[in-house]
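What follows is one structure encoded as structure tokens, with my remarks underneath.
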Amino acid sequence: MTAVIAGGATTELRWRVNHVGSMLSTRARLEADVRTGLVASPPTLPPRWFYDERGSRLFDEITRLPEYYPTRRETEILAARANEIAIRSEASTLVELGSGTSAKTRLLLDALTAYAPDLLFVPLDVSVEVLTEAAVEIAGRYRDIAVDALVADFGDPLPPLPGDEGRRLVAFFGGTIGNFQTHERHAFLDRVRQAMAPGDHLLLGADLIKDPNRLLAAYDDSRGVTAEFNLNLIEVLTRELDGRGVRPNDFAHVARWNADKHRMEMWLRARCDIDAIFAAIDLPWVLPAGAEILTEISVKFDLGALHKELRAHGFAVTAGWMDRRGDYSLSLLRAI
Ligand code: SAH
Ligand code: AVI
């Protein structure tokens, strides 16, 4: 089901925000994730629940932290390569998955609109407030483009992609590809490829394996913003499911490098015995002091292995760029 939840259309401003699916299904999904995730071993919750309005703003703050390098590295590559991406992709439609504020995307929009002034921009995200703000701001700034924002979960089948076959560019920035488990990443790449036509392009940002000390600093910053971001998950659960007997301060933020799986992990460790209930769904939650919940994985890639995986999913590697320090990669891939 698709419903327009906000929009503006004058000769100068063209944007709308569509809700794909229903609010009820969002709530039902949170309930299902909590019911299965909290009894799993180890207990775990999907990262999408970080991104309520506060979580999205905290993530935005993270992107500006001195320790959190990925956003600056991706911006560096985009600034150098946006024109080349526009020429190679010949895109007249840009779809951005997990778009958030679309801050860096403006570098790409500048380049794309130089060749396709009436570009269609389709940002897609679960975070409605940040998505709406970005849609309004971008429609105001680029007077000829149309912004068709989608509130949707990229874990679901993608809605049919608008625009001309062969002239679509699907961007997935931020290293968010690293937040999937391996099987989820494969399923995601299949879904994205199936939604695309031959000749369409995927622009994929991925963080690379590096010194674990730098990674630990990036996921446990000195100002404690990442800790707040992680603890906000408890805030979301208690608000949405009427949690009683549990507060964010009952947990400590833990960041760990998992060398075997070359991924950063964020955990929440109980500081005390938890004996709580999610009253809205009548679900007790008992956790001994010291027990941990896995709240996020962030896989760091070997670029050669990632490209091999992408080829196996039906993409040809048009180009793969890194920033000057070799921290981060941006790959342009053509659907074949
Ligand atoms: N692309 C931006 C934001 C990255 S943060 C950047 O590069 O800075 C991850 C983004 O993905 C957030 O905006 C979050 O709301 C969104 N997100 C997380 N899980 C999602 C899901 N399952 N479906 C759609 N969007 C999701
Ligand atoms: C959105 N995602 C790619 C971020 C990451 O680095 O995995 C989320 C994040 N978690 C902690 N800091 C930032």
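Nothing in this text is a laboratory measurement; each read-out follows from the coordinates by a stated rule. Please read all numbers here as calculations on a predicted model, not as lab measurements. All Cβ positions, glycine included, derive from the backbone under ideal geometry; neighbour counts span all protein chains shown.
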Dipole check, the chain, charges on Cβ (K,R +1; D,E -1), about Cα centroid: among A103, V286, M196 the Cα furthest to the positive pole belongs to M196
Kindly give Rg over Rh for the range 128-281, based on alpha-carbon atoms, with the Kirkwood expression for the hydrodynamic radius. 1.03
Looking at the chain, send over the antiparallel percent of its DSSP beta bridges, to the nearest 5. 65 percent
Mind giving me the FRET efficiency for L216 and A187? R0 is 30 Å, r the Cβ-Cβ distance, nearest 0.05 is fine. 0.55
About the Cα centre of the range 131-226, how large is the charge dipole given +1 on each Lys and Arg Cβ and -1 on each Asp and Glu Cβ? Please answer in debye to the nearest 20. 220 debye
Sort largest first and round to whole Å: the equivalent ellipsoid semi-axes of the range 62-133, each the square root of five times a Cα gyration tensor eigenvalue. 22, 18, 8
Give me the angle, in degrees from 0 to 90, between the Cα long axis of helix 128-141 and the longest principal axis of the Cα atoms of the chain, rounded to the nearest 10. 20 degrees
Where the Cα atoms of the range 207-318 are projected onto their three principal axes, how long is each span, largest first, in whole Å? 52, 33, 23
Could you rank the peptides 223-233, 122-132 by their average count of other C-beta atoms within 10 Å per residue, with the highest value first? 122-132, 223-233
Highest average packing first - 258-271, 279-292, Cβ atoms within 10 Å: 258-271, 279-292
Histogram of C-alpha separations across the chain, 20 Å bin width, %: 31, 58, 11
What's the angle, to the nearest 10 degrees (0 to 90), between helix 225-241's Cα axis and the longest principal axis of the chain? 70 degrees
Among P42, S25, T238, which residue has its Cα furthest toward the positive end of the charge dipole of the chain, with +1 on Lys/Arg Cβ and -1 on Asp/Glu Cβ? P42
Taking the Cα centre of the chain as origin and charging only Cβ (+1 Lys, Arg; -1 Asp, Glu), how large is the dipole, in debye to the nearest 20? 640 debye
Just want the answer: with Cβ charges of +1 for Lys and Arg and -1 for Asp and Glu, which residue in T63, A149, T226 is farthest toward the dipole's positive end in the chain? T63
